[in-house]
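What follows is a short report on a single structure.
The values are calculated or read from the model by the stated rules, or taken from the named source; none is laboratory data. Since the model is a prediction, treat every value here as computed from it, not as a measurement. No Cβ is skipped: glycine too gets one built from the backbone with ideal geometry, and neighbour counts run over all protein chains shown. These accessible areas exclude ligands, DNA and RNA; they are computed on the full protein's heavy atoms, side chains included. Shrake-Rupley method; radii C 1.70, N 1.55, O 1.52, S 1.80 Å.
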Amino acid sequence: KAEAEQCIAGQGAKCKGCLEALRKEWKVMNGWEYRALFCHYTGQYYCPQCHKARTAPIPARVLMYWDFKEYKVCDEAYRLIMGVYHRPMLCVSATNPRLFDQVPALSVARKLRLQLNILYHIMQECKDAPWDTIPAAQRYYMQETEIYSLWDLKRIHEVQPKVLKSADTAPKSIPANELLVGLKRIRQKLIAHCVRECGTGCGPQVQQCCSLCSEEEPLYVFDINNTVQCPRCGKVYHKACYKLQACRWCFATS
Ligand SMILES: [Zn+2]
Ligand SMILES: [Zn+2]
Ligand SMILES: [Zn+2]
Ligand SMILES: [Zn+2]
């Protein structure tokens, strides 16, 4: 209580929203107290006009602690958070990259997006790319790989509400969830286009043979667990081959 008094004094005993003076009221147990509510988003106090005690997840807490609990926030913060709920705004890699290790389903989502992104770039040149079959609101999944909406993270949180401790072993299987299913569906569409449907340029870019070894089985660029793509020329190699000799065309081997 003393802390609250101090904070309120710090903001001039005024509501941070409307800047009206905060009024005091008599409480049987506590004596005179400010009629003010704390906003967990801004960390400031508000009058009952500006803070209706609505609750929302706090984006920073989601990113830092994987904490999706809803906290009381002022009306403006509520509008702000809910207004961007479905919009890609949160960069996990920049804010808390450890989260990928702590939440395996999230790292699966990121891998899927890396694959989508590779295919997306290949298909930029293609006139027959089936972009219209992918809802506009889902295109950011392939246009870039790092930014998530609260809703994306929420759907992952639903299947994995707790972060792994470093001592925990990673789960063998990731429970199905809506986001991953959606990402896989997009991947399927893009792969189907590149490997089967495209009559023009996508196929040969997606399916290549490793020119560092003599294996004839083609590699798929999106098979990111086993292949490496040369960042300069885009040629695809087995991970192991590339590790040994790098790209023969771009980097002189010593
Ligand atoms: Zn106010
Ligand atoms: Zn194509
Ligand atoms: Zn090879
Ligand atoms: Zn190269």
Tyr71 versus Lys154: modelled label distance in nm, points set 7 Å from Cα along the beta carbon direction: 1.8 nm
Once you sort the root eigenvalues of the Cα gyration tensor of the range 1-67 as a ≥ b ≥ c, which label holds: rounded (a/c under 1.5), prolate (a/b larger than b/c) or oblate (the other case)? prolate
Cα-based shape type of the chain, given that a ≥ b ≥ c are square roots of the gyration tensor eigenvalues and the cut on a/c is 1.5: prolate
Can you tell me the FRET efficiency between Arg139 and Met29 if r is taken as the Cβ-Cβ distance and R0 is 51 Å, rounded to the nearest 0.05? 0.40
Hey, got the dipole for the chain? About the Cα centre, +1 on K and R Cβ, -1 on D and E Cβ, debye to the nearest 20? 460 debye
Per residue, how large is the accessible surface of the chain? Use a 1.4 angstrom probe and give square angstrom. 59 Å²
222 nm mean residue ellipticity, helices alone, for the chain (DSSP H n ≥ 4; -39,500 (n - 2.57); rounded to 500): -10000 deg cm²/dmol
Solvent exposure ordering (accessible area, 1.4 Å, most first) of Ser173, Ser149: Ser173, Ser149
Mean separation of Cα contacts under 8 Å, 6 or more apart, over the residue count of the chain: relative contact order %: 13 percent
Taking 23 Å as the cut-off for C-alpha to C-alpha distance, list the pairs among Lys111/Lys239; Lys24/Lys52; Lys69/Lys184; Lys184/Lys235; Lys1/Lys72; Lys72/Lys111 that go past it. Lys69/Lys184; Lys184/Lys235; Lys72/Lys111
Those helices of the chain passing the 30 Å axial Cα length cut-off and the mean Kyte-Doolittle cut-off of 0.0 (DSSP H runs only) are none
On full extension of the chain, what length is gained from Ala53 through Glu178, given 0.36 nm per residue of separation minus the C-alpha to C-alpha distance? 42.0 nm
Once the whole set of protein chains is in place, how much accessible area is left on Glu5, using a 1.4 Å probe, in Å² to the nearest 10? 60 Å²
Under 10 Å from the Cβ of Trp151, count the other residues' Cβ atoms, weight Lys and Arg +1, Asp and Glu -1, and hand me the total. +1
What percentage of the solvent-accessible surface of the range 133-254, computed with a 1.4 Å probe over protein heavy atoms, is contributed by carbon and sulfur atoms? 53 percent
Quick one: Cα centre-to-centre distance for the range 79-138 and the range 185-237, in angstrom? 20 Å
Cα gyration tensor shape for the range 129-254, rounded if a/c is under 1.5, else prolate or oblate: oblate
